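Asker: Handing you a structure now.
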Amino acid sequence: MKEALFWEKRPHKEVHCQLCPHNCIIQQGATGTCGVRKNIDGTLYALTYGKVIASAIDPIEKKPLYHFHPGSSAFSIGTFGCNLRCKHCQNWQISHCKATEDDNRLLALSPQQAVATALSNNCEVIAFTYNEPSIWFEYVLDTARLARQAGLYNVLVTSGMINPPALKTLLNDIDVYRVDIKGFNEETYQRLTGSAVLAQVLENAEFAFKAGAHLEIVTNLIPGWNDSNEQLDGLTHWIVDTLGTDIPWHVTRYHPGHQLKEPLTPVETLNRAREIGFKNGLQYIYVGNVPGHPGQNTLCPGCGKILIDRTGFTIGTNHILHGCCAYCGYRIGHYRASDIPAAQK
Ligand SMILES: [Zn+2]
């Protein structure tokens, strides 16, 4: 077990966890809202340090990330716990689960082993995903540091509910901030997620962007919750005004599950979201969870040609050279020169 970071002692062996906006006051023997940070005799421990419940070698496109090292592989790892309780969570069996000190459902994976596994599987990236990685803070921090030293990139797939000082520390070694922004109305946002604060999610996304992280945003569109013209207009205006027009925005189709019974998102809703986003100036809007939708491809905003075509999580051709459109030279947002496949150099 690892002693946690970002907490303070309180009287009567209570602790105050300062990692996330819940700012839990945790009594002796209890865990915080996240279920994985436990007060043992007046000290806060990270129960899931070095312990994973799920790992896979995934295409980076599956995160989804379309503008960072397209076609590369990501060693993806996750564990128990989350600081939110989203009604539509796809991974609720692990994220809404409490850990214990000697949890035999979890497999040991030290930071050194995580980096070695990524390297031996030719991954360019380690992705902290499946559950909320910010509450896995100490492990993510140690692993990301080692990964950087080994020449790997680090991806945080997050809901963005972390306190700014902790985020600042994490961003020293995180290359990609892949954040869910689950709507643009504070009241429905809190109802959908249990407790997320939209204003904090937005503030953190802006902070990560200004700290130099590569940013991609996902909004899972749920009928009746976050798919109104008003919310879509508000969110896309915010992205353009705060982060710029070249931030990739992924609108994904919701499937009924967990505690939400709303019907499958109609494709027309995803198309409407794209129209609104394009009208407001966004240049790269992708449609997820709809096989065969043309919104999976990357088009050049300059000449309109297809630069990367995607089938599922597989990329076909890649016509981006040195970060620019190979046809007209338009600078494609956020691609790096190092992204060019060796065959095209
Ligand atoms: Zn072009």
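Readers should treat all values here as calculations from the given coordinates under stated rules, not as data from a laboratory. Note that the coordinates shown come from a computational prediction; the quantities given were computed from them, not determined experimentally. Every residue, glycine as well, gets a Cβ built from its backbone with ideal geometry; the counts of neighbours run over all protein chains shown.
Asker: With bins 20 Å wide starting at 0, give me the P(r) of the chain over every alpha carbon pair, in whole percents.
Answerer: With 20 Å bins starting at 0, P(r) equals 31, 59, 11, 0.
Asker: Okay, next question. Using a/c under 1.5 as the rounded threshold, could you call segment 147-277 rounded, prolate or oblate? The axes a ≥ b ≥ c are square roots of the C-alpha gyration tensor eigenvalues, and prolate needs a/b larger than b/c, oblate otherwise.
Answerer: Judged from the Cα gyration tensor, segment 147-277 comes out prolate (a/c at least 1.5, a/b above b/c).
Asker: In what sequence, highest mean first, do 298-307, 104-113 appear when ranked by Cβ atoms within 10 angstrom?
Answerer: The peptides rank, most packed first, as 298-307, 104-113.
Asker: By per-residue mean of other Cβ atoms within 10 Å, what is the highest-first order of 139-146, 25-32, 270-277, 290-297?
Answerer: The packing order, highest mean first, is 139-146, 270-277, 25-32, 290-297.
Asker: Can you pull the one-decimal nm distance between simple spin-label points at Phe313 and Gln149, each 7 Å off the Cα toward Cβ?
Answerer: For Phe313 paired with Gln149, the spin-label model returns 3.0 nm.
Asker: To the nearest Å, what is the center-to-center distance of segment 140-170 and segment 106-126, using C-alpha atoms only?
Answerer: Segment 140-170 and segment 106-126 have Cα centres spaced 15 Å from each other.
Asker: What's the ranking of 257-263, 179-185, 17-23 by average number of surrounding C-beta atoms within 10 Å, highest first?
Answerer: 179-185, 17-23, 257-263
Asker: Something else now. Per 0.36 nm of contour for each residue apart, how much would the distance between Gln200 and Gln112 grow if the chain were fully extended, relative to their Cα-Cα spacing?
Answerer: 28.4 nm
Asker: For a footprinting-style exposure proxy, rank Val251, Val157 by other Cβ within 10 Å, fewest first.
Answerer: Fewest-to-most Cβ neighbours within 10 Å comes out as Val157, Val251.
Asker: Here is a further query. Which aspartates and glutamates have a Cα lying under 14 Å from the Cα of Lys279, excluding residues fewer than 8 positions away in the same chain?
Answerer: Answer for Lys279, where 14 Å is the Cα cut-off: Glu230, Asp233, Asp241, Asp246, listed by chain and number.
Asker: Taking a ≥ b ≥ c as the square roots of the Cα gyration tensor eigenvalues, with a/c under 1.5 meaning rounded and otherwise prolate when a/b beats b/c, else oblate, which class fits segment 2-46?
Answerer: rounded
Asker: Report ³J(HN,Hα) in whole Hz for each residue of segment 25-37, in order, from the Karplus equation J = 6.51 cos²θ - 1.76 cosθ + 1.60 where θ = phi - 60°; Gly and Pro get x.
Answerer: 3J(HN,Hα) across segment 25-37, in whole Hz: 8, 10, 7, 4, x, 9, 9, x, 3, 5, x, 10, 10.
Asker: Tally the DSSP beta bridges in the chain and give the antiparallel ones as a percent, rounded to 5.
Answerer: Taking every DSSP beta bridge within the chain, about 55 percent pair in antiparallel fashion.
Asker: Quickly estimate the mean residue ellipticity at 222 nm for the chain, helices only: each DSSP H run with n ≥ 4 gives -39500 (n - 2.57), and the total goes over all residues, rounded to 500.
Answerer: Estimated from H runs of four or more residues: -7000 deg cm²/dmol.
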